[in-house]
Amino acid sequence: MSDNNAAPLPLAGLRVIEMGQLIAGPFCGKTLGDFGAEVIKIEATGGGDPLRGWRLLKQGTSVWWQVQSRNKQSVALDLRQAEGQEIARQLLAEADVLIENFRPGTLEAWGMAPEVLQAANPGLVILRISGYGQSGPYRDLPGFGLIGEAMGGLRHLTAEPGRVPVRVGVSIGDTLAALHGVIGILMALYHRKAHGGPGQVIDVALYEAVFNCMESLIPEYDAFGVVRQPGGSALPGIAPSNAYPCEDGWVLVAGNGDSIFKRLMVAIGRQDLADAPDLASNPGRVARVAEIDGAIADWTRTRSVDAVVQAMGEARVPAGKVYTARDIAEDPHYRAREMLLQQATRDGYSVQVPGVVPKLSATPGRVRSSAPHLGEDTDRVLSELGITPEQIAALRARGIVQ
């Protein structure tokens, strides 16, 4: 893995204007920024992106902000005012990509409908992330990530049978939408470069990003009338794959490959199950999954998590403990893979943050700058548009910029 900070970045020279806030749009911008894009984040004057104040704060700012807004510049601009909208249009006239995750119709109300922006900049790629998409009967409904997770089918499955659906624990709906947005942007940019096509609009709905990951949910319903139900820690229809009790916690074991299952059964002293003809393939194991899970649990509950993981490793059976934040921070593999970075902040302290994903061999991404203060880059960015210091001062006096 390269540690050469002079290595080229694959998106160097790409200018991105990020007008979103909180999670989905900014996660997309962060990903592009990690790989070299110049990301100019337009924040509201006054408080800026609400994420600055979410979860645990250090010196008045969320430590989450330090991850989500690295490799970005901050321009504080009041888009509710005509002069602020005009400045935004000037920035977009020279940009490659616009990211926004407002409710549908917001850009249009600000005089920045896609057709207006692309008339001035035909190559502009516009990513629009919203709860339900830019069309359809639910278009105008408010939709956060958790609603997308519910409508997309995920929340119904994340529960123990008969118990309340629970969230994954992170904003997975927003993140899935952001990653689909990144894919869409890269495809649109490739089309623009390789085929001479114009810029285009990428319409990502939160619920559709989740739904796209629902595997066989709909084909099973259509073909068999089966409504898949919550499976708790198991993977319904695929066996064995579950969480099993140990003396000091839980361990995850995935023995659902045919040869892996045999090795697993031998490792736990169940040669009879390893040799059973009806258990040689997945359909037979699914029919006897309760018996198999019971056999595995009988073996794991008399051992520690570490002992089980070691034994499974020796048997070449996928297994692992349930990691906490402390486990991650102390894990040597995370460090070897450069997935834990010590990042300096603009507030004078250092904080550990997740590394860059994915890993590129020749042009690896990197953290080039820490998360900005609100409006830190306003003067410089506006001056590049030809706006004079006197004009910027007048705009600031009227609350247009900060």
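The values are calculated or read from the model by the stated rules, or taken from the named source; none is laboratory data. The structure displayed is predicted, hence computed values, not measured ones. A quick note on method: Cβ atoms are made from the backbone with ideal geometry, for glycine too, and the neighbour counts reach across all protein chains shown. For the accessible areas, the whole protein counts, side chains as well, though only heavy atoms, and no ligand, DNA or RNA atoms are used. Shrake-Rupley method; radii C 1.70, N 1.55, O 1.52, S 1.80 Å.
Number of residues in the stretch 308-326 that are under 29 Å from the mean Cα position of the chain (by Cα), open to solvent by 40 Å² or more (accessible area, probe 1.4 Å) and over 15 Å from PRO245 (Cβ atoms) equals 5. For GLY136, the stated conditions do not hold, so it cannot be described as of a type outside the set (S, T, N, Q), closer than 28 Å to TRP64 by Cβ, open to solvent by less than 70 Å² (accessible area, probe 1.4 Å) and part of a loop (DSSP other than H, G, I, E, B). Quick one: is ALA150 open to solvent by 10 Å² or more (accessible area, probe 1.4 Å), small (Gly, Ala, Ser) and closer than 20 Å to ALA178 by Cβ? Answer is yes for this residue. The helices (runs of 4 or more DSSP H) found wholly in the stretch 260-347 and carrying at least 1 residues that are acidic (Asp, Glu) and farther than 30 Å from SER369 by Cα occupy 271-275, 289-300, 305-314. Quick check: is even one residue across the stretch 189-207 within 24 Å of GLN68 (Cβ to Cβ) and either loosely packed, with under 13 Cβ neighbours inside 10 Å or free of Cβ contacts under 8 Å to residues at least 40 places away in the same chain (or both)? Checked against the condition, which is being within 24 Å of GLN68 (Cβ to Cβ) and either loosely packed, with under 13 Cβ neighbours inside 10 Å or free of Cβ contacts under 8 Å to residues at least 40 places away in the same chain (or both), the stretch 189-207 yields no hits at all.
Selection over the stretch 119-133 of residues that are surrounded by 19 or more Cβ atoms within 10 Å (Cβ to Cβ) and either of a type in the set (Phe, Trp, Tyr) or out of contact with any helix residue (DSSP H, G or I) (no Cβ under 6 Å at 6 or more places or on another chain) (or both) gives a count of 3. For beta carbons closer than 9 Å, sequence separation of 6+ or different chains, a first residue in the stretch 134-162 that is over 30 Å from PRO236 (Cβ atoms) and a second that is modelled with pLDDT of 95 or more and aliphatic (A, V, I, L, M), the qualifying pairs are GLN134/VAL201; GLN134/ALA205; GLY136/ALA205. Take the conditions assigned to a strand (DSSP E or B) and at pLDDT 95 or above and apply them to GLN66. Does it pass? Judged against the criteria, GLN66 is not a match.
Touching a residue at least 60 places away in the same chain (Cβ under 8 Å), over 18 Å from PRO364 (Cα atoms) and part of a helix (DSSP H, G or I) - does that describe any residue in the stretch 29-50? No, there is no match, as no residue in the stretch 29-50 is touching a residue at least 60 places away in the same chain (Cβ under 8 Å), over 18 Å from PRO364 (Cα atoms) and part of a helix (DSSP H, G or I). The condition (being farther than 29 Å from ALA393 by Cβ and touching a residue at least 60 places away in the same chain (Cβ under 8 Å)) is satisfied by just one residue among LEU79, LEU14, LEU57: LEU14.
Take the residues of the stretch 25-60 that are in contact with a Leu (Cβ under 7 Å, 6 or more places away or on another chain) and among the hydrophobic types (A, V, I, L, M, F, W, C): which is farthest from GLN85 (Cα to Cα)? Ranking the qualifying residues of the stretch 25-60, first place goes to PHE35. Is it the case that the stretch 159-169 has a residue that's crowded, with 18+ Cβ neighbours inside 10 Å and either among the β-branched types (Val, Ile, Thr) or not in a loop (DSSP other than H, G, I, E, B) (or both)? No, the conditions are met nowhere in the stretch 159-169.
Within the stretch 52-62, being crowded, with 20+ Cβ neighbours inside 10 Å and either at positive phi or in a helix (DSSP H, G or I) (or both) holds for one residue alone: ARG52. When GLU108 is tested against (1) open to solvent by 30 Å² or more (accessible area, probe 1.4 Å); (2) under 22 Å from GLY197 (Cβ atoms), exactly one condition is not met: (2).
Can you pull out every residue in the stretch 69-95 that is open to solvent by less than 30 Å² (accessible area, probe 1.4 Å) and either acidic (Asp, Glu) or in a strand (DSSP E or B) (or both)? Steps first, answer last, please.
First, the residues of the stretch 69-95 that are open to solvent by less than 30 Å² (accessible area, probe 1.4 Å): 69-72, 74-79, 84-85, 87-88, 91-92, 95.
Answer for the stretch 69-95, where residues must be open to solvent by less than 30 Å² (accessible area, probe 1.4 Å) and either acidic (Asp, Glu) or in a strand (DSSP E or B) (or both): LYS72, SER74, VAL75, ALA76, LEU77, ASP78.
Does GLU100 meet the test of being crowded, with 17+ Cβ neighbours inside 10 Å, modelled with pLDDT of 95 or more and in contact with a strand residue (DSSP E or B) (Cβ under 9 Å, 6 or more places away or on another chain)? Considered against the rule, which asks whether it is crowded, with 17+ Cβ neighbours inside 10 Å, modelled with pLDDT of 95 or more and in contact with a strand residue (DSSP E or B) (Cβ under 9 Å, 6 or more places away or on another chain), GLU100 comes out as yes.
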